[in-house]
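Quick notes on the structure that follows.
Here, each number is a calculation from the coordinates, and none is a lab measurement. Given the structure is predicted, the values throughout are model-derived calculations rather than measurements. Here the Cβ positions follow ideal geometry from the backbone for every residue, glycine too, while neighbour counts run over all protein chains shown.
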Amino acid sequence: MSTIAYDVGRVRARFPALAEGAAHFDGPGGTQTPDVVAQAVAGTLLAAVSNRGDVTRSEQRAETIVTACRSAIGDLVGTDPAGVIFGRSATAITYDLSRALAQTWGPGDEVVVSRLDHDSNIRPWVQAAERAGATVRWAELDVTTGEQAADHFASVITERTRLVAMTGASNLIGTMPPVREVADLAHDVGALLWVDGVHSSAHVLPDRVGLGADFWSCSPYKFLGPHCGTVSADPVLLETLRMDKLLPSTDAVPERFELGTLPYELMAGTTAAVDFLAELVPAAGDRRARLEASYAALHAHESRLRERMEAGIRALPGVQVYSNAEHRTPTMLFTVEGHDAQDVRRHLAGRGVNAPASHFYAIELSRALGLGDAGGVRVGLAPYTDDSDVDRLLDGLAAL
């Protein structure tokens, strides 16, 4: 199937925030929002909505919103909608489920976490393991190249491993480790695989089942939606997990993990975001097929811009780039010799370029790279990034 041409001007026209004039390279921390997402959120808040049910129109509307959102995430992630858990954030759901999973851990059991990850996919597992008396083992990476291979996991996965937590892509340097290979390693010893797909889901269409991930987390605000989070798993697996909950609340999956009335407006906005992604380019077929076409076109667009941006940044004197893996998202971390990362950030902001500087909660990775808790400058592409944005970034850095 040939890739459909990507019309970035058409896409940009749907983002009112771009009228402020900034060139946004802060997408890895949260993208801007298209008009249809904001309209879906506002429309839900202005409509009659009640607790879910099948009697009144307002009850039915709430039920429809929830069902539609689970279906949208199911199509995006490549998973059964009946196993989609919705919550305040991916971090919050990870903490909740880490406690549920750890109920069956004890001394002698092991949990594997990755030095490449955002702390939200490290600390919940480390803390849960410590409480259960289980041992934590670390999958490292090659800090020179930024690569993380299956061998980094194979060396720490044993017959005692109960869960492996890894990322689909590093939010700091973009590295995409081999999820399918690690899934096979984990499953060979009877362990579960938890994948933090928050960063990768914005750039590569997920396939939870095909990749072998038992759990896949993602955050709609990283792919044009509202601030919230989801975790997807096989409903059969979720049936085996128990959480503390209110006595009268349902024990049905996935509701038993959602702990209260759902934010219907955010769920409506999430559905609108997935639908928008499915319409980035004109394509036929069901929503999953249209998402495949959109992501293919988006990948081609972002790859071209990344090559321009990367070549320009690497050509500048005194710049050190930490994003060097062969397979990675269009996300770059760098430092400039003689300049504090926050000074670079402020300099670019003064020229209307949003390029934040930090460890971005990938604190273990930032320290492993020798950047400590200060981190570096991170620039990332989004569906609305165009050549003029890249020009402004490169001009701003050159002026520095």
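Report, by residue number, each residue of region 275-288 that is of a type in the set (A, V, I, L, M) and under 10 Å from L76 (Cα atoms).
Within region 275-288, L277, A278 meet the criteria.
Does A315 satisfy being in contact with a helix residue (DSSP H, G or I) (Cβ under 6 Å, 6 or more places away or on another chain) and of a type outside the set (F, W, Y)?
No; evaluated as a whole, the condition is false for this residue.
Are there any helices (runs of 4 or more DSSP H) wholly within region 1-111 with 1 or more residues that are in contact with a His (Cβ under 9 Å, 6 or more places away or on another chain), and if so which?
8-12, 90-102
Taking only region 194-209 into account, find how many residues are crowded, with 24+ Cβ neighbours inside 10 Å and outside any helix (DSSP H, G or I).
Residues meeting the conditions: 8.
Just one of the numbered conditions (1) out of contact with any helix residue (DSSP H, G or I) (no Cβ under 6 Å at 6 or more places or on another chain); (2) part of a loop (DSSP other than H, G, I, E, B) is not true of A169; which one?
(1)
Over 18 Å from the mean Cα position of the chain (by Cα), under 30 Å from T261 (Cα atoms) and free of Cβ contacts under 8 Å to residues at least 60 places away in the same chain - does that describe any residue in region 103-124?
Within region 103-124, one or more residues are over 18 Å from the mean Cα position of the chain (by Cα), under 30 Å from T261 (Cα atoms) and free of Cβ contacts under 8 Å to residues at least 60 places away in the same chain.
Could you tell me whether W125 is of a type in the set (F, W, Y) and either part of a loop (DSSP other than H, G, I, E, B) or over 24 Å from I73 (Cβ atoms) (or both)?
no
Scan (1) surrounded by fewer than 23 Cβ atoms within 10 Å (Cβ to Cβ); (2) among the acidic types (D, E); (3) part of a loop (DSSP other than H, G, I, E, B) for the single condition D117 breaks and write down its number.
For D117, the exception is condition (1).
Within region 210-233, which residues are part of a loop (DSSP other than H, G, I, E, B) and either surrounded by fewer than 16 Cβ atoms within 10 Å (Cβ to Cβ) or β-branched (V, I, T) (or both)?
H227, the sole residue that qualifies.
Taking only region 357-400 into account, find how many residues are part of a helix (DSSP H, G or I), within 19 Å of the chain's Cα centre (by Cα) and not charged (D, E, K, R).
Residues flagged as part of a helix (DSSP H, G or I), within 19 Å of the chain's Cα centre (by Cα) and not charged (D, E, K, R) within region 357-400 amount to 3.
So how many residues does region 272-297 have that are hydrophobic (A, V, I, L, M, F, W, C), surrounded by fewer than 20 Cβ atoms within 10 Å (Cβ to Cβ) and in a loop (DSSP other than H, G, I, E, B)?
The total comes to 2.
Tell me, which residue of region 250-271 that is of a type in the set (S, T, N, Q) and in a loop (DSSP other than H, G, I, E, B) is nearest to Y95 (Cα to Cα)?
Per the criteria, the residue is T261.
Which of the following residues is in contact (Cβ under 8 Å) with a residue 60 or more places away in the chain and crowded, with 23+ Cβ neighbours inside 10 Å: L394, L400, L365?
Of the residues listed, the single one that is in contact (Cβ under 8 Å) with a residue 60 or more places away in the chain and crowded, with 23+ Cβ neighbours inside 10 Å is L365.
Looking at (1) in contact with a strand residue (DSSP E or B) (Cβ under 6 Å, 6 or more places away or on another chain); (2) closer than 14 Å to W194 by Cβ; (3) not aromatic (F, W, Y), which one does R70 not meet, given that it meets all the others?
The single condition R70 does not satisfy is (2).
Does R378 satisfy the criteria of being touching a Leu at 6+ places or on another chain (Cβ under 6 Å) and closer than 15 Å to L333 by Cα?
yes
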